Amino acid sequence: MAKHTVLILFLLLQAAFTLHAQEPDSSFFSHPEMNEVNDEADSTLMLVKAIDTIPTQDKYLKIVLFDDHTWDYIELERPDIDTTGLFDDWNIESIHAYRDVKVSDLPEEVDLLLVDSAHHFVAPYVGRRSSTFKYRRGRPHNGIDIPLRVGDTLRSPFDGVVRYVGGGKATGGYGNLVVIRHPNGLETYYGHLSERLVVENDLVVAGDPIGLGGSTGRSTGPHLHFETRYMGKPFDPERVINFDNGTLRDTMLTLKRHYFNVGSHYGMTDAQSKAATSAVYHTVKKGDTLGGIARKYGTTVNAICKLNGISSKKVLRIGQRLRVR
Ligand SMILES: [Zn+2]
């Protein structure tokens, strides 16, 4: 009996190495333990070697082939995801969930556990940012941009469930878009994809490929537009991930209410973040007038002039930044 157990372990190890050699991208390696085998081992098993594995429709079930032309199933450990609260405001029809939640409804501070011994982190993509979380041309840029090559693989940073997949007119500037909901309530967004590799309600494990980089939607060149949202509200993704080296900032993420503003960045003190949260800027474009800007932001010409210390007769320069709130 003990002999059989040792032999089965040996065969499984061989199968694991075969998988490794063939599928370096497989999520299998986040959960390499195999929890079930057909152990109807007989004497012929003593002599056979695992020579290949074949994927099945079920990504957690593989067929292993032996050199005596027999085969068996190996079942990989399925992800164990705590789904408490995971499906709150679940919505696969629209890009953003939690439509009725306002920033003021969020807790003053919330701690999100990002990883533990069973749930890992894999960088979605590593590279230099071409644009950060900020006001851009007077509009909030709710994520970060990382240039890439069309076809580069993008991965889920944590375990989760695919909440939204869309493209074309439905997603506007985002182009092909995938949104993943993670068990702690965090959502990650991947825009401008050339290919979407998942569908709604797919279960993903950290490291699973979810799409290929592209330039669809409002995009001037191939890049990943990556957002992090909590309760539907965006915050600076750099608070979670160091994109220079693809590491997690910390195992625990503390989100403060004043982070949910494009003026609030990773690296700021709380005082700076709070101050930035109350300030809103507009960058003057061709054709802008003080009256038009005031209407756009729901304020008055007088208020804008006061904030910026300018006269209402001032000629606006294109590219000039005006504080509007
Ligand atoms: Zn972007």
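Every number here is computed from the coordinates shown, using simple stated rules; none is lab data. This is a predicted model, so every value here is computed, not measured. Here the Cβ positions follow ideal geometry from the backbone for every residue, glycine too, while neighbour counts run over all protein chains shown.
General observations
- Legend: ranking of residues M252, M268, M231 from fewest to most surrounding C-beta atoms inside 10 Å; resulting order M252, M268, M231.
- Cross-link check: pairs K134/K169; K134/K286; K169/K306; K134/K314; K274/K313 evaluated at a Cα-Cα cut-off of 30 Å; pairs beyond the cut-off: K169/K306; K274/K313.
- Rounded to the nearest Hz, the phi-derived 3J(HN,Hα) couplings of region 110-120 under the Karplus curve 6.51 cos²θ - 1.76 cosθ + 1.60 (θ = phi - 60°) are 9, 9, 10, 7, 8, 9, 8, 4, 9, 10, 9, where x marks glycine and proline.
- For region 267-325, the Kirkwood hydrodynamic radius from C-alpha pairs, put into Stokes-Einstein at 10 °C and a viscosity of 1.306 mPa s, yields a diffusion coefficient of 131 µm² per second.
- Neighbour-count ranking [beta-carbon atoms within 10 angstrom, fewest first] of S156, S117: S117, S156
- Once the gyration tensor of the Cα atoms in region 103-268 is diagonalised, the equivalent ellipsoid follows with semi-axes of 22, 19, 15 Å, ordered largest first.
- Summarised in one figure, the compactness ratio Rg/Rh of region 186-232, Cα atoms and Kirkwood Rh, is 0.98.
- Least to most buried among R325, R229 (fewest other Cβ within 10 Å first): R325, R229
- Between W90 and I63, the C-beta separation translates, for a Förster distance of 45 Å, into a calculated FRET efficiency of about 0.85.
- Three-way shape call for region 220-325 based on the alpha-carbon gyration tensor, with the a/c threshold at 1.5: prolate
- Magnitude of the charge dipole, region 137-233, Cβ model with Lys/Arg +1 and Asp/Glu -1, debye to 20: 440 debye
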